[in-house]
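Read-outs throughout are calculated quantities, based only on the coordinates presented, and are distinct from any laboratory measurement. Quick caveat, the model's predicted, so the values are computed rather than measured. When we count neighbours, we look across all protein chains shown, and the Cβ atoms used for this are built from the backbone with ideal geometry, even at glycine.
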Amino acid sequence: MTILLKENIHWVGQRDWEVRDFHGTEYKTLKGTSYNSYLIREEKTVLIDTVDHRFSREFILNLASQIDLASIDYIVINHAEEDHAGALSELMARIPGTPIYCTANAIDSITGHHHQPLWNFIPVKTGDSLDIGNGKQLVFIETPMLHWPDSMMTYLSGDAVLFSNDAFGQHYCDEHLFNDEVDQQELMEQCLRYFANILTPFSPLVTAKINEVLGFNLPLSMIATAHGVVWRTDPAQIVGKYLEWADHYQENRITLFYDSMSNNTRMMADALAQGIHEADPSVAVKIFNVARHDKNEILTQVFRSKAILVGSSTMNNVMMPKIAGMLEEITGLRFRNKKAAAFGSYGWNGGAVDRIQTRLMDAGFTTSLSLKSKWRPDGSALEACRAHGRQLAREWALATPPGSSRVAAPAAAKPAAQTPVAPAGDVGPAMQCSVCQWVYQPELGEPLQGVAAGTPWSEVPDNFLCPECSLGKDVFDVLREKAA
Ligand code: FEO
């Protein structure tokens, strides 16, 4: 079964209605997904990506029903992850020697998964092209960390189709393939969920890469993703959304999430939300018990929020494990320009709230006063929660200046001064890669790239690359750390 994109391009992918877990169990695919593979037939026949390894046999059967597999001249693998390159072993067993065009990093990953180092890999870089006849070319564009180091996109000239792989995709399964054919609300919900949960940490790179691609001034008729729909009607709309979401996105929304041993912290959450609503009826307030709600939905709401409240009962003097897990995820997602505060009920001691507050600061949130309540909150304690909610609503109603520091302000309960790390000799602050966390220390420089010790960041050449993840200067932020 195939679906025609254009006269010369067929979708030959696989739908997966049933899948509910992705990346282990870290991403819940509530609407299923699809693994999109495309067959281009010009003078040369090209296969773009394959499908998840679990569907290898179906994929080969379907492909073989359409063409003689031996007629495939080139295979392009935009991303080595198993949901796209997984069927390579079955395919290459039938057409060994067929050239596989991918990035150097992809060769490493594909070889690591399929253990076939002798496959005919052709490494490509941004700007490399492949002539496929009839005056058309495939042009390759590396997109490292969107979302893996090996990722790339492939552009088909003449037809103006961008095969974008994971970028601009969504975990969404529908019998219809094109964006104008499906439920628009469902579609955009899944796009946002995908961005919030997978691409948020790489937002600076999303902006930089999209601007780089836009700089090529290429015409664009379709974006053919590797999951979900093909954008054929106004494909630029999803590009615009990505630029918007990557730019410190937030709405007038506050999200509370908590875990509660004896319902007491839940009572606090309820009263806090009431107070927020009393002081600022315009703000959307969303409340979740992490033990009962979909984690990815909570993270999506955090992404959409200007501020969050995180609550936990104290258990063994620490926070409850599901809250600790959420905070770890939130730290990894590297949200920016958001405010936060901790709350929770306790009995013998209130260690959870202090630990949450510290974790929120470490995660880059600007923290406000935290709130504890001993045992079950009574009427006056609940009124204190409502008053606290009102206070936070007023405080958070103030606009967040775009591009403001991601470093947390001191918490009222436990002030922790934050100062830029500036080594002696006034060579400016240390800089940290926002993607891999590698730190540039001016007093050490980076001799392997010819940057001498004592070179301030402002004098580091623009072509400097992070030694860990190979990304450019634009993903670095001033490193700040807690003063004693
Ligand atoms: Fe769809 Fe990164 O795999």
What shape does the stretch 3-246 have by the C-alpha gyration tensor, where a ≥ b ≥ c are the square roots of the eigenvalues, rounded means a/c under 1.5, and otherwise prolate means a/b greater than b/c and oblate the rest?
rounded
Run the reach check for K339 against lysines, Cα to Cα strictly under 26 Å, same-chain hits fewer than 8 apart removed. What comes back?
K241, K286, K295, K306, K322, K372, K374, K414, K482
Against the longest alpha carbon principal axis of the chain, how many degrees, from 0 to 90 and to the nearest 10, is the axis of helix 264-279 turned?
90
Percent relative contact order of the chain, based on C-alpha pairs within less than 8 angstrom and at least six residues apart?
9
A chain fully extended from T233 to E443 at 0.36 nm per residue, minus the present Cα-Cα distance, gains in nm 70.4 nm
Extension gain D180-E58, at 0.36 nm per residue separation less the Cα-Cα distance, in nm?
41.2 nm
In degrees between 0 and 90, to the nearest 10, how far off the longest principal axis of the chain does helix 379-397 point, with axes built from Cα atoms?
50
Dipole magnitude of the chain, debye to nearest 20 (Cβ charges: Lys/Arg +1, Asp/Glu -1, about Cα centre)
2000
Could you check the simple spin-label distance between A160 and L243, using points 7 Å along Cα→Cβ, in nm with one decimal?
1.7
Measure nothing fancy, just the Cα-based angle from helix 351-362's long axis to the longest principal axis of the chain, in degrees from 0 to 90, nearest 10.
50
Using alpha-carbon pairs under 8 Å, 6+ residues apart, how would you state the relative contact order of the stretch 46-186 in percent?
18
Provide the gained length on full extension for the span L220 to A397, in nm with one decimal, where the gain is 0.36 nm per separating residue minus the Cα-Cα distance.
59.7 nm
Bin by bin, in steps of 5 Å, what percent of the Cα pairs in the stretch 24-79 do you find, going until the bin that has the longest distance?
4, 15, 25, 24, 14, 8, 6, 4, 0
If every Lys and Arg gets +1 and every Asp and Glu gets -1 at its Cβ, then about the Cα centre the stretch 122-233 yields a dipole, in debye to the nearest 20, of 380
Round to a whole angstrom and tell me the spacing of the C-alpha centers of the stretch 317-372 and the stretch 73-135.
44
Which of the three applies to the stretch 50-159, rounded, prolate or oblate, going by the alpha-carbon gyration tensor with a ≥ b ≥ c and a/c under 1.5 meaning rounded?
oblate
Between beta-carbons, use under 15 Å as the cut-off and find the net charge around F288, counting Lys and Arg +1, Asp and Glu -1.
+4
For every helix of n ≥ 4 consecutive DSSP H residues, a contribution of -39,500 (n - 2.57) applies; sum these over the chain, divide by its total residues, and give [θ] at 222 nm rounded to the nearest 500 deg cm²/dmol.
-8500 deg cm²/dmol
For the stretch 431-478, build the convex hull from the C-alpha positions and give me its volume per residue in Å³.
64
Other residues with Cβ under 9 Å from the Cβ of I77 give, with Lys and Arg +1 and Asp and Glu -1, a net charge of -2
Local charge sum around I198 (other residues, Cβ-Cβ under 13 Å, Lys/Arg +1, Asp/Glu -1)?
-2
Two-decimal log10 I(q)/I(0) for the chain, as the Debye equation yields it once each C-alpha is a single scatterer, q = 0.09, 0.10, 0.13, 0.14 Å⁻¹
-0.70, -0.84, -1.19, -1.29
Using the C-alpha gyration tensor of the stretch 240-348, what are the square roots of 5 times its eigenvalues, in whole angstrom, with the largest one first?
24, 17, 10
Can you list residues from other chains, or at least 5 along the same chain, whose modelled amide H is less than 5 Å from the amide H of E446?
V451, A452
Using the Cα centre of the stretch 251-396 as the reference point, and only Cβ charges (+1 on K/R, -1 on D/E), how large is the resulting charge dipole? Debye, rounded to the nearest 20.
160
Counting only residues 5 or more places away or on other chains, whose amide H sits under 5 Å from the amide H of V230 once H atoms are built in the peptide plane?
F178, N179
